[in-house]
Structure formats: structure tokens, C-alpha cells
Amino acid sequence: MKILRVLIIGMLAITLSACNDQKTTSADLDAGGFAEVLLKGDASSLYDTYTFTDEMKAALGEDGLALIQTQLSALGELEAIEEPKVSESQGFTVYSVPCKHSYQDFDLVISVDQDGRIAGIVMGNYSGEEVSDLPFLNTEEVTFGDELKINGILTTPESEGPYPCVIMLSGSGPNDRDETIGPNKPFRDIAEGLAQKGIATLRFDKRTLLYPEECADDIGFTVKDEYVTDALSAYDLLKGRYDIGDIYLLGHSLGGQILPLVAKEAEVKGLIYLAAPARDLITLIKEQVAYLESLGNNDLNGYDTEIARLQDLDALKDDELVMGAFKAYWQDLISYDPIEEAKELKIPQLFLQGEEDYQVTMEDLALWKDNIKDAAFISYPSLTHIFMEGKKDHAGVYMQKGTVDEKVITDISSFINEESNPY
């Protein structure tokens, strides 16, 4: 298996999109044929058949399409390509091609500009997927935000409110509301599990998933833009509801690392960190790349060069991409000290860590524990980065179907119930 999608800061995530040469036009784009070649044909031939925007070509480089093909191969054998759906968004024609795979179904989303040039290729939610219908919960589709609307789902218990509610912030990359990875949906598991224990949740599609072109075009886009703005909008939505009581923040991976930034601007009851990095970005990327290389059969050529560029950000131009993001993004992230920010908070904090996690390790948990006083820390001997049973030395660990361990959900609910019902 080649590069895994879930490297911590998401620069190996399946997202290559940018906005703004004479072969096909949007009117005659064979989206299904494009998907078939990309998924199981000679991906490099697509450069000769289709026209891409200059920004898209720069983002892809010579081997970008082949890399996407390699990454998507981790989702299993291609079983079917279904009829594309066509829509218009922000002046682009958007083709969503449902693709069924043995491990995970998804939509290949292709954005085409008004001149017929391909401006974005991302992996989206499989459009035929159904939402769980369970007797112990209610689900409500919600929309919030200002200019760029964010879509999410509020899951509430069957019992009467007000009930505590958890805003869930996913990890790096253009994650959907379920934080789908392979056949697994850890955020949906947590939401359904907490509903059984009388706790509501709000989870949502990330801005980078819903608006890839807008984010890719913004050279000033930062981690705060990626997370904080939408988290605060979600908070404002909940504050206006009669059925919602205390509000908590839960963040996974990078979403956990930035929790203190959100908590500084919202009156939340407590924070729940799932596999949140305490160490600096460059150290994490180096460690993850070295570990994946140690497993063998992982094509990680070129990452030493990218890491070196991250270590010399001053030499970069503002519009120069490194691992899929501009200089401003990396400057914002590298300058952020999550431990110092968390130290300043006066609210309860819970840190959870899987011991079979190679992306964020027990070293990170130890750093949190050494620096954050009066917090709770729990580790799980057999759980991976997505808090499911597995072994970190198995390259396909995220492609194995599983569910978030019940102990994790119990520990989260106990923390919330203790804080929301202290007597």
C-alpha cells in the first residue's frame, strides 16, 4: 500500500484543488471517463486529453495525477463508476462521480472553470450514502456561517433537553462531518454513542471540503481560517437553541491541537482532546515519514525536500505551495504553541490517546501531562489514531472496518456528565 491519507497535517490527504490552456470544455467533459482513467488507467495520459488551469498544473506537478491514483488505490478495488451528477457553484461546473470501492465508496468531484479547464479534483462523500436511523437519537441537518455556509448535522438524544452538546472538530485535510477514513466513520460512531448517553453533538463538513477552490485561491489562508471561524459559528448556533445546555469542544488530531484557540473566544464548559499533537509540526512530519518508510512499500520520495522547505519558510514566496498549502498557513501553524495556549485556560480538559498511534504518540501525551495541570489523561493500549482496535505496524490499519471503542465514548460521557452535573 502506498501513501496513507491520514498524515497528521493532511498534506497527503486526497485534495489537490486550485482555481485559474484548449482540449475539452465543461460542456463536453466526460467526467465518468476521466474518473475511470484516473482510478485504473494511465493517469498521466489525462494531461494530454484534458486542459488544467495554471494553478492546478502547478499544484499537481508532473506526478500529481499518478499520486492521486496511488492514494485512491488504498480504498480497495474499483467496483463501479456511477452516473455523474452535474451542478454549478461559484462560477464553476462541478461533476460529482460516485465511485464504489471494496473498502470505501466516495464521489470524485471535478471542478471545471468557465473556459473548460479543470480547476479542482477532490474526494467527496459518496452521494448514495444513507444516514443512520437509530431509535435512541434524532438527527437534524443544520447550516451556519456567514458568506461561506457550512453544513453539518446535530445529533440529539430522544430524551428531552436541555442536554450538554459537543462541537466536534476533525483532523487535518478536507474531512467530512463523519471524519471518514477508509470504511470507518469515527465521528459518527462517537455522535451515536454519546446520544445513547444523553449527550448531543454537532459535527460538520470542513470548509476545505465544501469550498476547495476558495481555500486554495486564498494565499493568506491560515489554520485559524480552517478551524476557528467555523467552530465559533457552530457555537453561536447552539447558544441560540433552547434544547442545548453546556457546550463542549472535542477535537481530533490537528482539530484537537487548536482547541485552545477556539476556547479563548467561546464560553465552553470543557475541552476533549483526541490524539492531539503537543509537539511542533516539522518534528511530527519527520517522525511520521520515517515510520512509514520503516514499514516498507511506502513511496515517500520527495518529502525530505518538502520538509527542508518548511524549515526555511522565509525563503518562500507568499504564493509558493509547500505540501499543498501556502506560506501563510505554515507560518501560522509553526508559530502556534498549543501547550502555552492550553496552560492559560481555566476550564476542565480531558486528553485521550491511543497507544497504537504512530501519528500522534505517547510522547505527545506525556508532554501534555507534564505541562497541563488539573487535567485528566487516559491512554488505551490497543487503540490507533482513530481510536479503534489495531496495530500501528500494519500499513493498512485504517482500511480495516471498525468502530470507535466503547471505552472512549464512556470516558468522554463520564467527563461531560461529571462537569455538567457536579452534584
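On inspection, Lys407 does not qualify as assigned to a loop (DSSP other than H, G, I, E, B) and either modelled with pLDDT of 95 or more or open to solvent by 50 Å² or more (accessible area, probe 1.4 Å) (or both). Taken over segment 215-260, the criterion of being under 19 Å from Gly173 (Cα atoms), at pLDDT 95 or above and either more than 18 Å from the chain's Cα centre (by Cα) or among the basic types (Lys, Arg) (or both) is satisfied by no residue. Residues of segment 183-205 that are under 14 Å from the mean Cα position of the chain (by Cα) and among the hydrophobic types (A, V, I, L, M, F, W, C): Phe187, Phe204. Using the structure shown, decide if Tyr358 is out of contact with any His (no Cβ under 9 Å at 6 or more places or on another chain) and of a type in the set (Ser, Thr, Tyr). Spelling it out, it is not the case that Tyr358 is out of contact with any His (no Cβ under 9 Å at 6 or more places or on another chain) and of a type in the set (Ser, Thr, Tyr).
When the test is whether a residue is at pLDDT below 85 and either among the acidic types (Asp, Glu) or farther than 25 Å from Ala216 by Cα (or both), Glu129 passes it. Only one of the numbered conditions (1) assigned to a helix (DSSP H, G or I); (2) of a type outside the set (D, E, K, R); (3) surrounded by fewer than 24 Cβ atoms within 10 Å (Cβ to Cβ) is not met by Ile190, and that is (3). In the set (1) more than 21 Å from the chain's Cα centre (by Cα); (2) surrounded by fewer than 22 Cβ atoms within 10 Å (Cβ to Cβ), Leu281 fails one condition alone, (1). With respect to the conditions (1) farther than 24 Å from Arg188 by Cβ; (2) open to solvent by 10 Å² or more (accessible area, probe 1.4 Å), Gln400 lacks only one, and its number is (1). If I filter segment 211-223 for residues that are open to solvent by less than 20 Å² (accessible area, probe 1.4 Å) and either closer than 22 Å to Pro260 by Cα or among the aromatic types (Phe, Trp, Tyr) (or both), do I get at least one hit? Yes: one or more hits.
The values are calculated or read from the model by the stated rules, or taken from the named source; none is laboratory data. Source: prediction; values computed, not measured. As a convention, Cβ positions derive from the backbone with ideal geometry for all residues, glycine included, and neighbour counts pool all protein chains shown. What goes into the accessible areas is simple: the full protein's heavy atoms, side chains included, and nothing from ligands, DNA or RNA. Shrake-Rupley method; radii C 1.70, N 1.55, O 1.52, S 1.80 Å.
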